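> Before I ask anything, let me first share the structure, which is written out below as structure tokens.
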Amino acid sequence: MATVEARGVSKSYQGRTVLASLDLDMGEAELICLLGPSGCGKTTLLRIIAGFITPDTGTVHVGGRDVTALPPAARKMGMVFQAYSLFPNMTALDNVRFGPRVAGQAKTEQVKRAGELLDLVGLAQHRDKYPHQMSGGQQQRVALARALAVRPDVLLLDEPLSALDAKVRLQLREEIRRIQRETKVTTVLVTHDQEEALSISDRVAVMNGGKLLQVATPSVIYRQPADAFVARFIGLAGILPGVAEGAAVRMSNGTILPADAAVAHQSGRSVEMFLRPEHVRLQRMNGHVPPGALAADVQEATFLGSLTRVRLRLPELPDHAGLWADMPSEHAADFAPGQRVTAHWHETSPHVIAVEAAQAS
Amino acid sequence: MSQAATTPLRRDGVVHKRPASQGVAGLILPYSVIGLFIALAALFMAAPTVMLAVQSVTDDHGFTLKYLEALGGDNIVVAFRNSIVLSIASAAIGVVAGGLIAYFVISPAMPITLRSAVTSFSAVAANFAGVPLAFAFVSTLGTLGMLTQGLRSLGVDIYGLGFSLFSMTGLTIVYAYFQIPLMVIIITPALLALRTEWRESSENLGATSGQYWRMIGLPVLLPSLISAFILLFGSAFSAYATAYALTSGNIALLTTEIANVLSGDVSSSPQTGAALAVGMIVVMVGVLVISAAFSRRASRWHK
Ligand SMILES: Nc1ncnc2c1ncn2[C@@H]1O[C@H](COP(=O)(O)OP(=O)(O)O)[C@@H](O)[C@H]1O
Ligand SMILES: [Mg+2]
């Protein structure tokens, strides 16, 4: 339980910038997910916090204390790797009591502490098993218990679930969340899985190209993405390019689409309007397109169970424009591929982002 | 058939691909190849062993223990002791030095080209034995060797200090020349199998580097170190040409003794040779049994 502050952290390898002067502030007992595409620098940032990598510039403070110059062993952090990190020559119990043991605690204390943690992760009855006798999910639970056994100030997890199959992954992520709430340990979890990040984080830190693009709660990340990358990377979004004009956006075919009042600040600039599929409503084309709506062709309809997801092509707009619409599956019969439709939405639904901002990041 | 149609096996969260089912017909080839190997091994190892054993207890008049009793003779006991000491010493030097060299060579700080250079060199050096090896050492560390004379010109007379290439110490050094690279070759894969995650986890949990090696690194390596030691012991124990070329039989070893009694001008005695060979086999089996016991203990966490 401690705050974590990374300040002005940068790192390059052979002149290639991997992290570019990055700031991250974490509150006590907070769970933050570092989310971004592969190679964007998530592991590097996590390992700088853990002390395995020395940053070129910047500092790391934990609970107000500068730990930048401390070796990993002195940082009081617990780390969980993607897989295969358990010591193969030790049982689950011996793995978990390793931290207390090297700290010089009495053996009865070590065993008691390890027993409690194996209980916490639900593996009390597997304490005498060796790693190769446990499943991937069980091994990750033991790794989690082992990291927590030293009562770390900070828990660091680098894609701890990505080597597991889907069902176990889901179970274990709920469990990580529960255990994190119980132990109140400040936690950084690295993932490239946006659903995982949105479902368990207090806040999500979206990274790309060595920069933090947005750090916010899952719902803000989803509803008000800070830039075009975040909007495209998180969830599914339809994109309508245009030019801001007062509190609206003019499309290249002349259509004026209302947007929220904040857009007025960007008047005259190139913008992109982002629309989530759940906000887009469709009607079969009946000859005329009402104001605030767009003509579209159904390109593809995917049955997802209760919902059907429809992909739309916008013949009057540039190629990279496109929309998605979700609808209850019982209405989907009206919108087979090839069907001409009009698409419309509530005027508060679109999220407008200036194109310059998108290119700068 | 039905197996091949099922989806990959899922065992508690880890996806395992099941190899394609081959059916009984598909197993005929592998079993016959393995069977042939076992048959050949039996023919050229087990059969001679039995013959040697029989020969060592038989003379013109039938059963006798005199050849085995002769193994208690002074010079034979010396040969046993020399062979065992030389094998243990050169294997120990090989394991320690070769292990350290391999460890440093595979460290991430070293260029990858160095690793392949050392591996290739080791493959050659590990097979450099016999007369050429003896000659190489005589011309460097012999009484008139380059290194000996070089040191002498610097005021260090190694022969004056008691060193001799033609002694047990000298033999141990020469044997180390092929033992060390042999160790480098056989231990490198085991060292590469030590995962960085283990090291980093232990560091992260507060362990020192010494604690890592004592509690994780060495215990995990121990079975490999034991098998490496046996291999090195065996390679020294059975070496003959190097020792003979270097010492012309002045230092009694089991292998040179066998050669003596088989080709001896004075008394050619195949039965004594057989008895010596049986003695060697007993030593080798003893070493294997002891180390197998250690190895089982060392790897009880494994499988
Ligand atoms: N030791 C290194 N030397 C050179 N490049 C590295 C090193 N470590 C990481 N990189 C590069 O830094 C970038 C970020 O890596 P990483 O932090 O592992 O990304 P992520 O975890 O987000 O997938 C990658 O392009 C990777 O190739
Ligand atoms: Mg990574």
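> What do you get for the angle between helix B:28-41 and the principal long axis of chain B? Use alpha-carbon atoms, 0 to 90 degrees, nearest ten.
That works out to roughly 20 degrees.
> Quick one: compute a quarter of the convex hull surface over the Cα atoms of the protein assembly as shown and quote it in nm².
45.3
> Does anyone have the angle between helix B:47-56 and the longest principal axis of chain B? Alpha-carbon axes, 0 to 90°, nearest 10?
Long axis of B:47-56 versus the principal axis of chain B: about 30 degrees.
> If you roll a 1.4 Å probe over the range A:278-324 with all protein chains in place, what percent of the accessible area is carbon or sulfur?
49
> Related question: In nm, to one decimal, how far is the A:H346 label point from the A:D66 one, both placed 7 Å along Cα→Cβ?
If labels sit at A:H346 and A:D66, their model points lie 5.1 nm apart.
> Among A:H126, B:N75, A:L170, which residue has its Cα positioned farthest towards the positive end of the charge dipole of the protein assembly as shown, with +1 placed on the Cβ of Lys and Arg, -1 on the Cβ of Asp and Glu, and the dipole taken about the Cα centre?
It is A:H126, whose Cα lies furthest towards the positive end.
> Binned at 10 Å from 0, what are the whole-percent values of the Cα-Cα distance distribution for the range B:66-302, short to long?
7, 25, 29, 22, 12, 3, 0, 0
> Based on the Kirkwood radius over alpha-carbon pairs, what is the Stokes-Einstein translational diffusion coefficient of the range A:236-360 at 4 °C with 1.567 mPa s viscosity, in µm²/s?
In µm²/s, the coefficient is 88.
> List the trypsin sites (Lys or Arg not before Pro) in the range A:214-266 that DSSP assigns to loop (not H, G, I, E or B) and whose Cβ has at most 13 other Cβ atoms within 10 Å. Which are they?
Filter output for the range A:214-266: empty list.
> Counting only residues 5 or more places away or on other chains, whose amide H sits under 5 Å from the amide H of A:A29 once H atoms are built in the peptide plane?
A:A2, A:T186
> May I pose another question? For the range A:45-115, what is the charge dipole size about the Cα centre, in debye to the nearest 20, if Lys and Arg each add +1 at the Cβ and Asp and Glu each add -1 at the Cβ?
280
> Another question, then. Could you derive backbone 3J(HN,Hα) for the range A:241-258 from the dihedral phi with the Karplus parameters 6.51, -1.76 and 1.60 (θ = phi - 60°), listing whole Hz in sequence and x where the residue is Gly or Pro?
Couplings: x, x, 10, 5, 9, x, 8, 8, 10, 9, 7, 5, 8, x, 4, 9, 10, x Hz.
> What's the ranking of A:261-267, B:84-90, A:77-83 by average number of surrounding C-beta atoms within 10 Å, highest first?
Answer by packing, highest mean first, reads A:77-83, B:84-90, A:261-267.
> Once both axes come from the Cα atoms, what is the angle between helix B:254-263 and the longest principal axis of chain B, in degrees from 0 to 90, rounded to 10?
On a 0 to 90 degree scale, this one is about 50.
> While we're here: At most 14 other Cβ atoms within 10 Å plus a DSSP loop assignment makes a site exposed; report the longest stretch of chain A without any exposed GluC sites (Glu not before Pro).
Result, exposed sites excluded: A:29-315.
> Right, another one. Taking 0.36 nm per residue of sequence separation and subtracting the Cα-Cα distance, how much length would be gained by fully extending the chain between B:T140 and B:S120, in nm to one decimal?
4.9 nm
> Please state the charge dipole magnitude for the range A:4-226, taken about the Cα centre, from unit charges on C-beta atoms (+1 on K and R, -1 on D and E), reported in debye and rounded to the nearest 20.
Computed about the Cα centre, the dipole is about 360 debye.
> On to the next question. Please check which bits of the range A:197-240 a label hung off A:Q299 would reach, taking the label as a point 7 Å along Cα-to-C-beta and the cut-off as backbone N under 12 Å.
Taking a point 7 Å out along Cα→Cβ of A:Q299, the residues of the range A:197-240 whose backbone N falls under 12 Å are A:238-239.
> Summing both sides, how much accessible area is buried between A and B? Use a 1.4 Å probe and give Å² to the nearest 100.
2500
> Write down the accessible area per residue of chain A in Å², having rolled a 1.4 Å probe over the full set of protein chains.
Per-residue value: 43 Å².
> Report the residue, chosen from A:G99, A:G305, A:G268, that carries the largest GNM mean-square fluctuation when chain A is represented by alpha-carbon nodes joined by springs under 10 Å.
Comparing A:G99, A:G305, A:G268 in a Gaussian network model of chain A, the most mobile one is A:G305.
> Binned at 10 Å from 0, what are the whole-percent values of the Cα-Cα distance distribution for chain A, short to long?
Distribution as computed: 5, 21, 25, 20, 15, 9, 4, 0, 0 percent.
The values are calculated or read from the model by the stated rules, or taken from the named source; none is laboratory data. Predicted, not measured: the structure shown is a model, and the values here were computed from it. Using ideal geometry, Cβ is built from the backbone for each residue, glycine included, and neighbour counts are taken over all protein chains shown. Calculation scope for accessible area: heavy atoms of the full protein, side chains included, ligands and nucleic acids excluded. Shrake-Rupley method; radii C 1.70, N 1.55, O 1.52, S 1.80 Å.
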